[in-house]
1. List the residue pairs whose Cβ atoms are under 7 Å apart, where the first residue sits in segment 124-152 and is closer than 19 Å to Leu99 by Cβ, the second is of a type in the set (D, E, K, R) and in a loop (DSSP other than H, G, I, E, B), and the two are 6 or more positions apart or on different chains.
2. Please enumerate the residues belonging to segment 105-144 that are away from the ligand (no atom under 16 Å from the Cβ), touching a Phe, Trp or Tyr at 6+ places or on another chain (Cβ under 7 Å) and not aliphatic (A, V, I, L, M).
3. Could you list all residues from segment 218-234 that are within 22 Å of Ala203 (Cα to Cα) and either modelled with pLDDT under 95 or among the aromatic types (Phe, Trp, Tyr) (or both)?
4. Give me the pairs: first residue in segment 257-269 and closer than 11 Å to Ala169 by Cβ and of a type in the set (Gly, Ala, Ser), second residue part of a helix (DSSP H, G or I) and modelled with pLDDT of 90 or more, beta-carbon distance under 6 Å, and six or more apart or on different chains, which are they?
5. Report yes if Ser53 is over 19 Å from Val182 (Cα atoms), within 16 Å of the ligand (Cβ to nearest atom) and not in a helix (DSSP H, G or I), otherwise no.
6. Condition test on Gly101, is it touching a helix residue (DSSP H, G or I) at 6+ places or on another chain (Cβ under 6 Å) and on the phi > 0 side of the Ramachandran plot?
7. Can you name the number of the only condition in (1) over 17 Å from Asp103 (Cα atoms); (2) in contact (Cβ under 8 Å) with a residue 60 or more places away in the chain; (3) in a loop (DSSP other than H, G, I, E, B); (4) more than 16 Å from the ligand (Cβ to nearest atom) that Pro187 fails?
Amino acid sequence: MRMLKKQLEYIRSITDFVPEIAIVLGSGLGALADKIDVKAIIEYSEIEGLPVSTAPSHKGRFVFGELQDKTVVLMQGRVHLYAGYSSKQIANPIRLMRLMGADKLILTNAAGGINKDFKPGDFMLIDDHISCFVSSPLVGKNLDFLGTRFPDMSNAYNKGLKAAIKTAANNSNIELKSGVYVQLKGPQFETPAEIKMLSTLGADAVGMSTVIETIAAVHCGFKVCGISLITNYACGILDKPLTGEEVEETASFVAPKFEKLIKEIVKAI
Ligand code: HPA
């Protein structure tokens, strides 16, 4: 609590910008930050105690500005469990963006497609998630000033936002699949046996982020929505090895379309 307050004070010493919408930019989407009307930038490393991103192609900074006539704060680069950070550290920037004033959160990521109807390049609206392979950011003493001890997760991905996103995608002729996202710790990709298990459990897409952020965000009162870019067939679907390069390549290839979708979403919500 004291740390969050101190971090917020530091941010407020630099900018009094109040965002309506917070957006976490996943793999391939980082360039969106160069296309908004930028008002301020703060590197994560300037903010005492905030974890810094280490993933390939991820910068590590908050970018404040205007997009589609809305005030936004972008996380250009996120933090992952596989970098050695805890779930609580991953919650830190999400909570800060809420304390800055944002009340809607758009989470984006790159994911492997488990659902056999998905192909690389598809977008999946996250309908729901499976969190039981990662630890909750809410364990330990509850931060009562942020939210309740036992938050409801039945509307984790906000119904109203999901409806608005489906309409926006439809109106701009962008095909949007929908499904359940599961977060694993990584950094290794899954085995074919794990993918079979995840499919049996009801997962449509797998990745190494997002779920912890959603839990922290729901707890502190954000309305949350999420989009996965399917960058590859999940392991074992094709008889070929999966690499990080393949994920990055698809993500950069589809980036312009992904940017367009996010802009339409920002306009619609
Ligand atoms: N598995 C886990 N994380 C991922 C994948 C995947 O197949 N693709 C992109 N991120």
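1. Asn142/Arg149
2. Correct list: Asp127, Asp128.
3. The one that is within 22 Å of Ala203 (Cα to Cα) and either modelled with pLDDT under 95 or among the aromatic types (Phe, Trp, Tyr) (or both): Tyr233.
4. Sorted first by the residue in segment 257-269, then by its partner, the pairs are Ala268/Ala164; Ala268/Ala168.
5. yes
6. no
7. The failed condition is (4).
To keep it simple, each residue is scored yes or no on (1) over 23 Å from Val134 (Cα atoms); (2) surrounded by 23 or more Cβ atoms within 10 Å (Cβ to Cβ); (3) not aliphatic (A, V, I, L, M).
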| residue | (1), (2), (3) |
| --- | --- |
| Ile14 | yes, no, no |
| Val24 | no, yes, no |
| Leu29 | yes, yes, no |
| Lys35 | yes, no, yes |
| Ala40 | yes, no, no |
| Ser45 | yes, no, yes |
| Gln68 | yes, no, yes |
| Gly84 | no, no, yes |
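The values are calculated or read from the model by the stated rules, or taken from the named source; none is laboratory data. Quick caveat, the model's predicted, so the values are computed rather than measured. With ideal geometry, Cβ positions are generated from the backbone for all residues, glycine too; neighbour counts draw on all protein chains shown.
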